[in-house]
Amino acid sequence: MQTAIATVCLSGALDEKLEAIAAAGFKRVEIFENDLLSFAGTVADVRAMIADLGLETITFQPFRDFEGMPDERRARALERAERKFDVMQELGCDLLLVCSNVSPESLGGIDRAAADLNALGARAARRGLRIGFEALAWGRHIADYRDAWEAVRRADHPAVGLVLDTFHILARKTDLNAIRAIPRDRIFLVQIADAPLLEMDYLSWSRHFRNLPGQGDLPLLDFMEALGATGYEGLLSLEIFNDQFRGGSARSVAIDGRRSLINLFDRLGERTGRRPRGAAALPPRTAVRGTEFIEFAVDEAAVPSFEAMLKGLGFRHAGRHVSKSVARWNQGAINIVVNSEKEGFAHAFNITHGTSVCAIALRVDDAGAALDRAERLLDQPFRQAVGPGELEIPCVRGLGGSLIYFVDAKHGLDRLWEVDFAQVDSPPAAEAGLAAVDHIAQSMQYEEMLTWLLFYTSLFDLAKTPQQDVIDPGGLVKSQVVQSADGSLRIALNASQSSRTLSSRFLAEAFGSGVQHIAFATGDILASARRLAANGVKLLPIPPNYYDDLEAKTDLAPERIEELRRHNILYDREGGAEYLQAYTRTFEDRFFFEIVERRGYQGFGAANAPIRLAAQARLAGGAALARF
Ligand code: MG
Ligand code: MG
């Protein structure tokens with residue numbers, strides 16, 4: 001496939017868009033007319049810029065409201081096209097994208113549309129140009145690719161071809177089988193976009209919510225399979241209208257675009273055993289077996305209070321790094337690494353973000369293959385100096401500049417606690433029964449959310465849940481989870497457009513995106529809560545009203561509810577499955593821990609999230625008042 005991207009996908013002025021597109025490694029671009037019109041430079045300037053960047057312009061788009069116009073308007077529509085042809089020739093582009101007419105003045109009839117396309121094609125051919133016809137999902141008379149193809153077929157002109165756009169086809173749930181019968185040389189362009197499943201009109205859905213392949217819910221692989229049956233190996237271009245992208249970084253969206261195509265072709269290969277010509281074979285998606293450790297960057301002065309908190313949670317000081325100011329704290333299968341080095345990555349991270357999670361290490365089968373896949377997906381590997389004899393654990397950059405390490409047994413990296421750490425004689429801990437990491441919640445800018453969704457789901461063998469809205473007293477928080485089938489890794493991605501939500505306040509306090517809370521699994525939350533109370537840990541207070549309501553809506557025994565109330569434990573149920581959760585208070589107004597007990601339950605207690613957020617907002621407000 002010859003991959004490309006439309007300038008409309010990205011934020012900024014045309015020169016910024018083109019630079020971002022070239023920097024991401026694209027070789028071809030679709031020029032959106034408005035980007036050209038709004039650019040402060042001549043068409044010749046733009047052509048030179050495109051050539052300098054090593055790009056090729058594959059289409060000029062869109063040409064609207066053309067086919068089926070009444071006679072008096074028809075001549076004018078053809079004349080209008082000639083002006084576009086002038087621009088295209090100046091630009092050095094040979095394909096005009098014509099989208100189906102939405103004008104109430106237009107007349108129906110495939111033959112009429114075909115005759116108009118034939119006339120336009122003949123005019124284009126005179127200049128060595130071509131036209132591609134696309135059915136908009138909201139076209140007045142032609143809204144289905146099968147009708148567009150019939151019009152193109154009857155136009156019967158070599159300069160007239162079909163444009164297939166996955167959004168228009170899949171949004172309408174159009175049957176894909178007819179694609180298989182279209183001769184591949186009559187398809188001039190394929191535009192690819194994903195989108196979340198939403199109940200709204202096609203136009204608004206398309207203009208605001210399209211996203212990159214893999215970020216949404218459309219059955220793109222079904223489409224690619226049908227397209228593959230034609231033997232098509234031509235242009236495949238990203239055409240994404242998305243509000244988050246318009247507000248985001250052009251460079252980052254362009255790289256995401258390339259990553260989304262590499263991932264799409266990989267998934268297609270995974271499904272069909274065949275990937276498009278030129279698409280590289282990647283190591284399989286990385287299966288995550290669990291979280292090996294979570295590393296915090298902590299300033300030396302903050303170490304005593306941080307470690308006191310860990311002790312309260314039942315962790316034991318289990319090891320000291322052989323050459324660095326780094327400690328291992330352990331409980332069950334959970335390892336917390338406290339890094340208070342005065343130089344290097346963690347130190348720099350701490351200076352920028354304060355006490356925070358600077359790295360997460362994941363257990364995988366083959367760390368080398370995981371790093372290889374990451375690099376092929378354009379993720380950023382990271383290396384730092386290690387002492388003699390110490391393990392070099394491969395890693396890539398994750399959210400907010402943090403790191404994701406890959407630990408495996410295959411390369412002996414699972415020996416890190418023996419090799420890099422010395423045992424310490426510490427008193428036995430007042431364990432709280434915390435057994436493993438259940439989930440990790442990350443807060444980020446709203447504009448970044450799709451980036452990290454794609455990052456996680458392309459690199460790892462994780463599925464995404466539908467996006468949810470969570471009510472925070474300060475506004476709405478968007479939340480989406482990526483998780484492995486067996487629950488060995490669950491990451492909740494949270495973002496908010498309101499500056500007053502807890503999620504947004506976290507971004508302000510911590511100077512950027514990062515881990516906001518970590519949930520630990522326990523087999524008995526009441527026993528854990530009692531232990532934490534004995535250790536002096538104060539949990540987030542939950543208002544009594546919550547428990548009155550619980551009594552009204554569940555059949556839990558009053559004694560059981562009383563116990564939940566006494567320990568500030570939240571409760572949720574799905575069918576026969578139960579979820580119990582409690583929260584610590586926030587550390588330095590930044591992050592907090594959650595304790596969860598799952599009894600066959602798959603979710604995250606979404607029904608309780610507004611209660612928790614309100615409780616946290618109350619405490620934060622109280623703290624603010626106390627300061628003055
Ligand atoms: Mg399109
Ligand atoms: Mg949680």
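Out of 456, 443, 412, whose Cα points farthest toward the positive end of the dipole of segment 407-482 (charges: +1 Lys, Arg; -1 Asp, Glu; placed on Cβ)?
About the Cα centre, the residue reaching furthest to the positive side is 456.
Taking 29 Å as the cut-off for C-alpha to C-alpha distance, list the pairs among 173/478; 27/464; 84/173 that go past it.
Beyond 29 Å between Cα atoms: 27/464; 84/173.
So if R0 is 30 Å, what FRET efficiency would residue 185 and residue 372 give, r being the distance between their Cβ atoms, rounded to the nearest 0.05?
0.25
How much net charge surrounds residue 452 when only the other residues with a Cβ under 13 Å from the Cβ of residue 452 are counted, with Lys and Arg +1 and Asp and Glu -1?
Result for the neighbourhood of residue 452: 0.
With +1 on each Lys and Arg Cβ and -1 on each Asp and Glu Cβ, and nothing else charged, work out how big the dipole of segment 459-582 is about its Cα centre, in Debye to the nearest 20.
480 debye
Taking the chain as the region of interest, what is the percent of Cα-Cα pairs per 20 angstrom bin, listed from the shortest bin to the one with the maximum distance?
18, 44, 27, 10, 0
Let me have the 222 nm mean residue ellipticity of the chain computed from DSSP H runs of 4+ only, each contributing -39500 (n - 2.57), with the sum over all residues rounded to the nearest 500.
Taken over the chain, the calculation gives -11000 deg cm²/dmol.
At a threshold of 8 angstrom on Cα-Cα distance, excluding pairs fewer than six apart, so keeping six or more, what relative contact order does the chain reach in percent?
So the answer I get is 10 percent.
In segment 501-628, if the dipole is taken from +1 on Lys/Arg beta carbons and -1 on Asp/Glu beta carbons about the Cα centre, which of 557, 586, 544 is farthest to the positive end?
586
Rounded to the nearest 20 debye, what is the charge dipole size of segment 71-200 about its Cα centre when +1 sits on each Lys and Arg Cβ and -1 on each Asp and Glu Cβ?
260 debye
Assigning unit charges at the beta carbon (Lys, Arg +1; Asp, Glu -1) and nothing else, what dipole magnitude in debye, to the nearest 20, does segment 7-119 show about its Cα centre?
Magnitude of the dipole: close to 140 debye.
Projected onto the charge dipole of the chain (+1 at Lys/Arg Cβ, -1 at Asp/Glu Cβ, origin at the Cα centre), which of 617, 321, 483 gives the Cα projection farthest towards the positive end?
Sorting the options by dipole projection puts first 483.
Contour minus end-to-end for residue 80 and residue 204, with contour as 0.36 nm per residue of separation and end-to-end as the Cα-Cα distance?
This chain segment gains 42.0 nm when fully extended.
A short reminder: the numbers here are calculations on the coordinates, not readings from a lab. None of the values given here were measured: they were computed from a predicted structure. FYI the Cβ positions are ideal-geometry reconstructions off the backbone, even for glycines, and counts take in every protein chain you see.
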